[in-house]
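> So that we are looking at the same thing, I have put the structure below in structure tokens.
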């Protein structure tokens, strides 16, 4: 009887294991199918995400995130024996919400928003198919997929400014005469620029992704993980400051024979490699990977019920609901895209001005670039003594490659003119107080300020996020799809404030620009 009883238990256990294995196969296949379908629905967003990884060196690490996440899942594969999928069909109703977020980003041509919604849909698919217990057990591998998001370049100007000031402090400590002008540093035998490529953003983003991974693998206590992640934020920024300082010192001591041109990039990467190795070495001194996982992360033994093992049908229902509901946003995006008419436009009329300002036939030495604009206006206004440039880039309909806010647009060429600093001021324009971004530029023997803002959905503003919100509002609510970038610029000798007052004086004597732009209509 005992032997028969044991045989029965063994058979039941074997049947249970087979059922568990089949359920995991169903869940894995269903998840793969859902992710493939999402990839098809949002294929343009997937393609643009991969293009960012490939085309922007700052985000090359994006190709490594999925393999790393898969490795982390494989490293925790023993958890598959302790948990079973518990699908959550009701979560499928969240796909239209994320889809609406994607739709707003799509009509606003905000790639970062599209990518974020896509990655959140992946998280929702994982949670919906596997359930809360499995998702929590694999929380870090799943959440690590968020590092696929290419974000962080907005920090570049701030990192440039910090690196320049950091270098100057240490140069002053060595009693080396130094003069700083924004991101330009001048010492007796040389002039240096903390360019965008020297801001350290690539190393910072890669360091943060590495810091989270290293902290999860090597540490067990939350406190140590938090400290190491904090170091991954701070160390690369400080290291980049020392890198820039070191390059200037090497150039100074070698009379500009070393650490110039390509040399300083090579020295910089060697230094970053050293700092990363040092960070790892410090981290290894306090490693805890030989200790058990924290209580909250330690999987408890779970005895699957018959209900758990019959969840295959729920998995299929979850995936089918998610697939159907996720289709709504791309379908509506296609409908909106079909509403667009001809992009042919009239020329942008030059705003009239009152005395003492008038348009003069004078060639400007400065010219911004808006390659996707459907119409451009560049006029030089003069009060008889000094000039102000006005540029209007008009877009009949914003679309990929033709946007008011785009990295393709250039307010200066970066060679003849270079930015020293940026700041925000409020100006009175067409009866409205408008926040504008002012860039202080330096060129060969001259300086100028450039201020820019946008006109979207009949209103004015500045800043990329606000522009995208206004664009989405125009597309989805008011039906106003045209937009314009407005740029003004003036030369100065010593006081940029005088140039700003000159621009404000022109605007006071100029006819409103908004009605002129509203009068431009794309030909039907």
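The values are calculated or read from the model by the stated rules, or taken from the named source; none is laboratory data. This structure is a prediction, so every number in the text was calculated from the model and none was measured. A quick note on method: Cβ atoms are made from the backbone with ideal geometry, for glycine too, and the neighbour counts reach across all protein chains shown.
> Restricting to segment 426-450, and then to whatever is touching a residue at least 60 places away in the same chain (Cβ under 8 Å) and not in a strand (DSSP E or B), can you tell me which residue is farthest from residue 510 (Cα to Cα)?
Result: 431.
> Considering segment 123-143 alone, what residues qualify as being surrounded by 19 or more Cβ atoms within 10 Å (Cβ to Cβ) and in a helix (DSSP H, G or I)?
124, 125, 126, 128, 129, 130, 134, 135, 137, 141, 142
> If we scan segment 444-452, do we find a residue that is more than 21 Å from residue 193 (Cβ to Cβ) and modelled with pLDDT of 90 or more?
Taking every residue of segment 444-452 in turn, at least one turns out to be more than 21 Å from residue 193 (Cβ to Cβ) and modelled with pLDDT of 90 or more.
> Take residue 423 and tell me if it is within 29 Å of the chain's Cα centre (by Cα) and assigned to a helix (DSSP H, G or I). Spell out the reasoning first.
Numbers: within 29 Å of the chain's Cα centre (by Cα): yes; assigned to a helix (DSSP H, G or I): no.
No: the conditions fail for residue 423.
> Can you pull out the residues in segment 150-172 that are surrounded by 15 or more Cβ atoms within 10 Å (Cβ to Cβ) and under 14 Å from residue 243 (Cα atoms)?
Selection gives 159, 160, 162, 163, 164, 166, 167, 168, 170, 171.
> Is it the case that residue 47 is in a helix (DSSP H, G or I), in the same structural domain as residue 124 (by TED's automatic domain parsing), free of Cβ contacts under 8 Å to residues at least 40 places away in the same chain and out of contact with any strand residue (DSSP E or B) (no Cβ under 9 Å at 6 or more places or on another chain)?
Details: in a helix (DSSP H, G or I): yes; in the same structural domain as residue 124 (by TED's automatic domain parsing): yes; free of Cβ contacts under 8 Å to residues at least 40 places away in the same chain: yes; out of contact with any strand residue (DSSP E or B) (no Cβ under 9 Å at 6 or more places or on another chain): yes.
Judged against the criteria, residue 47 is a match.
> Out of everything in segment 224-236 that is within 20 Å of the chain's Cα centre (by Cα) and surrounded by 20 or more Cβ atoms within 10 Å (Cβ to Cβ), what residue ends up being farthest from residue 211 (Cα to Cα)?
236
> Among the residues of segment 505-524, how many are modelled with pLDDT under 85, surrounded by fewer than 15 Cβ atoms within 10 Å (Cβ to Cβ) and not in a helix (DSSP H, G or I)?
Residues in segment 505-524 being modelled with pLDDT under 85, surrounded by fewer than 15 Cβ atoms within 10 Å (Cβ to Cβ) and not in a helix (DSSP H, G or I): 4 in total.
> Considering each residue of segment 212-269, count those that are within 23 Å of residue 174 (Cα to Cα), modelled with pLDDT of 90 or more and either assigned to a loop (DSSP other than H, G, I, E, B) or out of contact with any helix residue (DSSP H, G or I) (no Cβ under 7 Å at 6 or more places or on another chain) (or both), and give that number.
Final tally of qualifying residues: 1.
> Which one of the conditions (1) in contact with a helix residue (DSSP H, G or I) (Cβ under 9 Å, 6 or more places away or on another chain); (2) surrounded by fewer than 22 Cβ atoms within 10 Å (Cβ to Cβ); (3) modelled with pLDDT of 85 or more does residue 496 fail to meet, given that it meets all the rest?
Looking at each condition in turn, residue 496 falls short on (1).
> Within segment 362-373, how many residues are buried (at least 16 other Cβ atoms within 10 Å of the Cβ), in contact (Cβ under 8 Å) with a residue 40 or more places away in the chain and over 15 Å from residue 492 (Cα atoms)?
3
> So how many residues does segment 315-349 have that are crowded, with 17+ Cβ neighbours inside 10 Å, more than 30 Å from residue 22 (Cα to Cα) and modelled with pLDDT of 80 or more?
4
Every residue, every condition in (1) modelled with pLDDT of 95 or more; (2) surrounded by 17 or more Cβ atoms within 10 Å (Cβ to Cβ), yes or no:
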site: 22; (1), (2): no, no
site: 40; (1), (2): yes, no
site: 46; (1), (2): yes, no
site: 60; (1), (2): no, no
site: 65; (1), (2): yes, yes
site: 69; (1), (2): yes, yes
site: 88; (1), (2): no, yes
site: 92; (1), (2): no, yes
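> Residue 175 versus (1) at positive phi; (2) surrounded by 13 or more Cβ atoms within 10 Å (Cβ to Cβ): which is the lone unmet condition?
Failing condition for residue 175: (2).
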